[in-house]
């Protein structure tokens with residue numbers, strides 16, 4: 001099954017899906033050393049996003065979050081790709097400066113089809129997500 | 001998004017990797033927000049300077065941009081750093097932090113960004129014209145540029161303001177367009193506004209009520225520059241406000257009068273301001289009094305000097321300002337008067353971006369809701385009151 005969205009940052013990645021229903025703050029909400037979500041009460045608190053295709057509605061919190069994505073990429077703890085429902089400037093900026101592929105605006109039914117644990121192939125240049 | 005032939009070449013790397021990276025960011029954000037094209041900007045004010053917020057990651061990114069040859073092509077000023085670049089040792093800033101901070105400033109200087117290290121570039125010579133497009137980060141300066149000066153900027157971040165500095169361009173969307181500058185709610189101010197702290201409280205209450213909706217204030221009276229800067233700073237702290245209009249006060253308010261029909265109205269009274277003050281005040285026993293969020297104007301430093309001249313302080317008072325204003329205050333003798341009383345006047349930094357916990361601070365008293373909120377977020381005991389009251393309390 002192939003889903004179609006909007007390319008924000010190009011690139012190619014394959015990985016296991018991790019789906020969060022909550023928005024994510026990379027500054028203060030994620031441990032950049034390990035890639036684990038640390039925000040108390042968060043939908044995927046305790047889960048690692050390292051190497052995953054990380055699916056969440058949008059970013060939130062401080063714009064410093066963009067630098068945290070960059071740091072995670074350098075440390076090897078960043079997600080392989082990000083899929084947002086509708087992205088905003090913190091996540092978009094973070095993905096551009098660190099080269100993490102980013103797609104958004106898959107339609108609502110399609111994004112509901114994505115489940116944690118699925119294996120996904122992301123061709124962000126074409127805005128495509130394939131469930132393998 | 002439409003790009004000119006020249007912009008296409010910049011994106012393709014013909015003007016170097018630094019420009020190409022900057023273009024990549026501006027174009028991606030332009031696409032995200034549905035911008036039709038890029039627009040020329042006249043100045044940039046770059047945030048993300050304190051090593052406390054940047055950490056090694058941000059520092060490495062800045063050094064990488066500098067090494068890729070990114071250079072400012074328009075006037076670019078810099079937000080406060082985490083320490084006074086000259087007197088950090090005296091402030092109690094750890095050596096390791098200072099080393100990181102020095103590298104951050106060096107990277108910005110290599111890119112041609114002026115190390116103004118202030119959140120009030122408009123008080124030290126970077127004053128955008130009404131209607132001009134600029135790329136400013138730093139939420140309080142964004143509010144001042146958009147609202148008080150009538151210039152046009154979005155809520156830029158460190159990377160986007162730097163990308164604008166390097167290209168002279170920004171994607172054309174949101175507050176850069178007429179249709180998005182109209183007010184969304186009318187705020188009827190019934191509260192008595194005398195001290196700048198009252199304006200700060202009003203901004204804080206408004207941000208909480210309106211989120212990021214553009215307010216149209218009625219009943220602001222005749223606010224001073226000091227009141228205008230603290231009002232916007234507070235609006236942007238408790239909400240996401242980037243632009244406000246004030247009847248009889250701000251340059252675009254008059255033409256917005258025809259756009260008020262049908263807008264929801266909210267009223268802010270004395271009780272709302274009192275409640276806000278109570279909320280950000282807890283019991284403190286020995287706070288450091290911090291004046292200067294946003295950075296002090298000459299008038300604010302004169303007021304502190306006038307209150308402490310010839311007296312002795314029982315508690316520490318730290319005044320934060322820009323290098324430009326500090327130089328004027330020194331000539332006037334204000335700095336010496338404050339220092340002789342036992343206080344300090346520091347430049348390049350403030351209580352919001354300095355590593356206060358590592359400096360051993362536990363409690364602060366501030367004359368700004370923005371300062372109070374950030375210090376409370378750092379876990380410090382916080383008291384908020386007018387500058388006059390706080391300075392009097394600190395005297396022996």
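Observations on the structure shown:
- Taking region B:78-100 as the range and being more than 14 Å from chain A (Cβ to nearest Cβ), without any contact (Cβ under 8 Å) to a residue 60 or more places away in the chain, in contact with a helix residue (DSSP H, G or I) (Cβ under 7 Å, 6 or more places away or on another chain) and farther than 19 Å from residue B:18 by Cβ as the test, the residues that pass are B:88, B:98.
- Just one of the listed residues (A:3, A:18) is over 20 Å from residue B:31 (Cβ atoms) and assigned to a strand (DSSP E or B), namely A:18.
- Filter result for the condition that a residue is outside any helix (DSSP H, G or I), within 14 Å of another protein chain (Cβ to nearest Cβ), in contact with a strand residue (DSSP E or B) (Cβ under 9 Å, 6 or more places away or on another chain) and without any contact (Cβ under 8 Å) to a residue 60 or more places away in the chain, over A:39, A:86, A:33: A:86
- Per the listing B:215, B:251, the residue uniquely touching a residue at least 60 places away in the same chain (Cβ under 8 Å) and farther than 29 Å from residue B:389 by Cα is B:251.
- Screening region B:287-319 for residues that are outside any loop (DSSP other than H, G, I, E, B) and free of Cβ contacts under 8 Å to residues at least 40 places away in the same chain and picking the one that is farthest from residue B:138 (Cα to Cα) gives B:306.
- Scanning region A:47-68 for residues that are at the interface with chain B (Cβ under 9 Å from one of its Cβ atoms) and either in contact with a strand residue (DSSP E or B) (Cβ under 7 Å, 6 or more places away or on another chain) or under 20 Å from residue A:16 (Cα atoms) (or both) gives a single hit, A:68.
- Applying the set (1) closer than 24 Å to residue A:62 by Cβ; (2) modelled with pLDDT of 95 or more to residue B:114 leaves exactly one unmet item: (1).
- Region B:163-175: number of residues that are surrounded by 20 or more Cβ atoms within 10 Å (Cβ to Cβ), more than 10 Å from every other protein chain (Cβ to nearest Cβ) and under 21 Å from the mean Cα position of the chain (by Cα): 3
- Qualifying residue in region B:6-14 (condition: at pLDDT below 95, within 14 Å of chain A (Cβ to nearest Cβ) and part of a helix (DSSP H, G or I)): no
- Search result, residues across region A:42-83 that are in contact with a helix residue (DSSP H, G or I) (Cβ under 7 Å, 6 or more places away or on another chain) and assigned to a helix (DSSP H, G or I): A:65, A:66, A:67, A:68, A:69, A:70, A:71, A:73, A:74
- Any hit, region B:146-154, residues being in contact with a strand residue (DSSP E or B) (Cβ under 9 Å, 6 or more places away or on another chain) and not assigned by TED's automatic domain parsing to the domain that holds residue B:50: no
- Restricting region B:28-51 to residues that are at the interface with chain A (Cβ under 9 Å from one of its Cβ atoms) and assigned to a helix (DSSP H, G or I) leaves a set whose member that is surrounded by the fewest Cβ atoms within 10 Å (Cβ to Cβ) is B:31.
- Residue match in region B:157-173 (condition: in contact with a helix residue (DSSP H, G or I) (Cβ under 8 Å, 6 or more places away or on another chain), in a loop (DSSP other than H, G, I, E, B) and modelled with pLDDT under 95): yes
- Which listed residue, of B:204, B:217, is in contact with a strand residue (DSSP E or B) (Cβ under 8 Å, 6 or more places away or on another chain) and at pLDDT 95 or above: B:217
- Considering region B:58-72, the residues that are surrounded by fewer than 22 Cβ atoms within 10 Å (Cβ to Cβ) and part of a helix (DSSP H, G or I) include one that is nearest to the other protein chains (Cβ to nearest Cβ), namely B:60.
- Region A:99-130, subset at pLDDT 95 or above, over 24 Å from residue B:34 (Cβ atoms) and surrounded by 14 or more Cβ atoms within 10 Å (Cβ to Cβ), residue farthest from the other protein chains (Cβ to nearest Cβ): A:118
The values are calculated or read from the model by the stated rules, or taken from the named source; none is laboratory data. Fair warning: this is a prediction, and the values are worked out from it, not measured in the lab. Counting neighbours? That spans all protein chains shown, and the Cβs are built from the backbone with ideal geometry, glycine included.
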